[in-house]
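In what follows, a structure is listed as structure tokens, so that the remarks can point back to it.
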Amino acid sequence: MRNLSFMYTKQQYIDGTKTQTTRKSKNLSIGERFTGVEKCQGIPKGGHVVRLGPAIVEKIEPFFLSYFSYTPENCAAEGFPGMTSEEFVRNVIIKQCKIKLGQLVYRITFRKIPE
């Protein structure tokens, strides 16, 4: 199973309130299973991957990123309830994920599954 990092939304992933993630590439397929992990890169020597649990992809939606790409429901599903679309795009997608406005991205909807 492929690993997907949820470094900024670890607790939301664990408690099941995060059900969407925005990614630069479509390297998953509908029905594919993956393991959520704390982080995949930058693990110090002697460190290990912290597994958060398995999930399955339910939907993949390609779109071009804009300040109006997210509803309040999307922001909550991404793990950031209470943020506006503009706040979410500016503070999370652009700053943390290094994605640019107008770039093609993929909204991946998933659900956690038992181990």
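The values are calculated or read from the model by the stated rules, or taken from the named source; none is laboratory data. Predicted, not measured: the structure shown is a model, and the values here were computed from it. Cβ coordinates were reconstructed from backbone atoms using ideal geometry, including for glycine residues, and neighbour counts include every protein chain displayed.
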Could you say which residue among K24, K18 is of a type in the set (D, E, K, R) and touching a Ser or Thr at 6+ places or on another chain (Cβ under 6 Å)? K18
Out of curiosity, is G102 of a type in the set (G, A, S), surrounded by 14 or more Cβ atoms within 10 Å (Cβ to Cβ) and in contact with a strand residue (DSSP E or B) (Cβ under 8 Å, 6 or more places away or on another chain)? no
Filter result for T22 (in contact (Cβ under 8 Å) with a residue 40 or more places away in the chain, of a type in the set (V, I, T) and part of a loop (DSSP other than H, G, I, E, B)): no
N74 fails exactly one of (1) under 12 Å from T22 (Cβ atoms); (2) outside any helix (DSSP H, G or I); (3) polar (S, T, N, Q), namely (2)
Residue pairs, Cβ under 7 Å, 6 or more apart or interchain, first in the range 76-95 and charged (D, E, K, R), second not in a helix (DSSP H, G or I). List them. E78/K18; E78/Q20; E78/T21; E78/T22; E86/Y67
Give the number of residues within the range 77-94 that are surrounded by 14 or more Cβ atoms within 10 Å (Cβ to Cβ), in a helix (DSSP H, G or I) and not β-branched (V, I, T). 5
I need the full set of residues from the range 96-112 which are in a loop (DSSP other than H, G, I, E, B) and touching a residue at least 24 places away in the same chain (Cβ under 8 Å), in order please. Q96, C97, I99, K100, L101, G102, Q103
Look at the range 25-52 and say how many of its residues are exposed (fewer than 15 other Cβ atoms within 10 Å of the Cβ) and either modelled with pLDDT of 95 or more or not in a strand (DSSP E or B) (or both). 18
Would you check if there is a residue in the range 12-19 being in contact with an Asp or Glu (Cβ under 7 Å, 6 or more places away or on another chain), assigned to a loop (DSSP other than H, G, I, E, B) and on the phi < 0 side of the Ramachandran plot? yes
Can you list residue pairs whose Cβ atoms sit under 7 Å apart, with the first residue in the range 51-67 being in contact (Cβ under 8 Å) with a residue 12 or more places away in the chain and the second being exposed (fewer than 13 other Cβ atoms within 10 Å of the Cβ) and aromatic (F, W, Y)? Count only pairs 6 or more apart in sequence or on different chains. none
